[in-house]
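Colleague: Sharing a structure here in structure tokens format.
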Amino acid sequence: MNQPPFEHEVPFDAPAREQLLAFVDEHRALLTSCLDDLTEDEARRSLVPSRTTLLGLVKHATFVERVWFDEGVRGRSRAEIGIPATPDESFALTAEDTIASVVAAHRQACADGRAAIADLDLDDVVTGNRRGPLPLRWVLLHVLRELAQHAGHADILREQVLAAREG
């Protein structure tokens, strides 16, 4: 049997839910891998005018997981979850944020997200999102879109960080 090129790749004829979850997991892993072999300073390096840093992107992805799966699926408030009120605030780093702590928080949020939807079908409607009732399929596609966008940002920032090592 041939090994797939990605850890989470699934066969073309797998059920849609399995395929979609594999793509979401692949992009979760791609995003956290942007921190591999970086120093704490490199992970925090600000290269754009916004709050976007490599460490901030992974911290924001944790916020995304919590918003869509804790708030959207489980119906918990952001205050109850302990996350910022706005996406912009989710990029803010504290002195306590380290590569290890942010990656651990992201992995836990992903595991919690998987558990939240384990018994749901793609057409099941979740009601905790501020937009109103949404099918799980839409939620997963939105999360995939956001993860892919941020993984692209991370690729560019990481390239700049690594190039600065050589300069």
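Colleague: Keeping to segment 124-149, report how many residues are in contact (Cβ under 8 Å) with a residue 60 or more places away in the chain and either exposed (fewer than 15 other Cβ atoms within 10 Å of the Cβ) or in contact with a His (Cβ under 7 Å, 6 or more places away or on another chain) (or both).
Modeller: Final tally of qualifying residues: 3.
Colleague: Here's a check for you: in segment 48-60, which residue that is of a type in the set (Val, Ile, Thr) and not in a helix (DSSP H, G or I) is modelled with the highest pLDDT?
Modeller: The selected residue is THR53.
Colleague: So which residues in segment 108-123 are surrounded by 14 or more Cβ atoms within 10 Å (Cβ to Cβ) and more than 17 Å from ARG28 (Cα to Cα), if there are any at all?
Modeller: Correct list: LEU120, LEU122.
The values are calculated or read from the model by the stated rules, or taken from the named source; none is laboratory data. Only a predicted model underlies this, so the values are computations on that prediction, with no experimental measurement involved. A quick note on method: Cβ atoms are made from the backbone with ideal geometry, for glycine too, and the neighbour counts reach across all protein chains shown.
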